[in-house]
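Let me begin by presenting the structure, written as structure tokens, before commenting on it.
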Amino acid sequence: MARYTGAVCKLCRREGKKLFLKGDRCYTGKCAVDRRSYAPGQHGQGRKKTSEYGMQLRAKQQARRYYGIQEGQFHKYFLMAERKQGMTGENLLRICESRLDNVAYLLGWASSRAEARQLTTHGHYLVNGKKVDIPSYLLKAGDVVSIREKSRDSEKFKAVLEANASRPVPEWLDKNGDDLTAKVVKLPDREQIEVPVEEHLIVEFYSK
């Protein structure tokens, strides 16, 4: 399945909530969800009855779109989460949070997850001193992430870092702003994950 390349604001409107796919724009009055809080399309404002299956599907789609993960990869993460100890839903979100592109976004090294994914692919980030250009690379506790030395002086990164300097960093990441490095202290607990989704519905969806 190819990656979605259309207007991402339509995805937020379809889910009826902000998925923060456009970076800083999502925090302004220009946000499409604030301006048109109904689903896109000709029948977007019509009444719709949501079945139990529909709620489960929407929860799965919201999480996928929030992290920018394709269906096959997301299902693979679910199977990984099932094999781990603990609650499957929380394990699933923990896996998604530990992706390199997501961590780069949380650190303020990109304005959106889509931009973080692109910057990762272009080789701008290092993990434990080695270049990693795979956005889906899963980080572990103790890993050190940094911005490549050559990339730090680019106008692009200077603008990104300045724009996101005040963004709060989750407690499970220890960011050193002076040398542009960060350490994964531990994988996040559920209360430290801000994804706007009910993960138990995702578990129910895949358990059918």
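The values are calculated or read from the model by the stated rules, or taken from the named source; none is laboratory data. Please read all numbers here as calculations on a predicted model, not as lab measurements. Positions of Cβ are generated from backbone atoms using ideal geometry, with glycine treated the same way; all protein chains shown enter the neighbour counts.
Tabulated data
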read-out: Residue among Ala165, Ala141 that is more than 24 Å from Gly89 (Cβ to Cβ) and either among the aliphatic types (A, V, I, L, M) or loosely packed, with under 12 Cβ neighbours inside 10 Å (or both); value: Ala165
read-out: Helices (runs of 4 or more DSSP H) completely within the stretch 75-153 that count 3 or more residues being outside the structural domain of Glu199 (by TED's automatic domain parsing), of a type in the set (A, V, I, L, M) and under 17 Å from the mean Cα position of the chain (by Cα); value: 100-106, 113-121
read-out: Residue in the stretch 188-208 that is buried (at least 18 other Cβ atoms within 10 Å of the Cβ), out of contact with any helix residue (DSSP H, G or I) (no Cβ under 6 Å at 6 or more places or on another chain) and modelled with pLDDT of 95 or more present; value: no
read-out: Residue count, the stretch 184-208 (criterion: under 21 Å from Leu79 (Cα atoms) and not in a helix (DSSP H, G or I)); value: 9
read-out: Pairs with Cβ under 8 Å, 6+ apart, first in the stretch 175-191 and more than 15 Å from Leu138 (Cα to Cα), second part of a loop (DSSP other than H, G, I, E, B) and of a type in the set (Phe, Trp, Tyr); value: Leu180/Trp109; Asp189/Trp172
read-out: Enumeration of residues in the stretch 35-74 that are among the hydrophobic types (A, V, I, L, M, F, W, C), in a loop (DSSP other than H, G, I, E, B) and either at pLDDT 90 or above or out of contact with any helix residue (DSSP H, G or I) (no Cβ under 6 Å at 6 or more places or on another chain) (or both); value: Ile69
read-out: Test set (1) at pLDDT 95 or above; (2) farther than 30 Å from Tyr137 by Cα - Ala81 fails condition number; value: (2)
read-out: Residues of the stretch 158-174 that turn out to be without any contact (Cβ under 8 Å) to a residue 40 or more places away in the chain and either among the β-branched types (Val, Ile, Thr) or outside any loop (DSSP other than H, G, I, E, B) (or both), as a count; value: 4
read-out: Out of Lys158, Lys131, sole residue that is of a type in the set (Lys, Arg), under 18 Å from Asp178 (Cβ atoms) and either surrounded by fewer than 17 Cβ atoms within 10 Å (Cβ to Cβ) or at pLDDT 95 or above (or both); value: Lys158
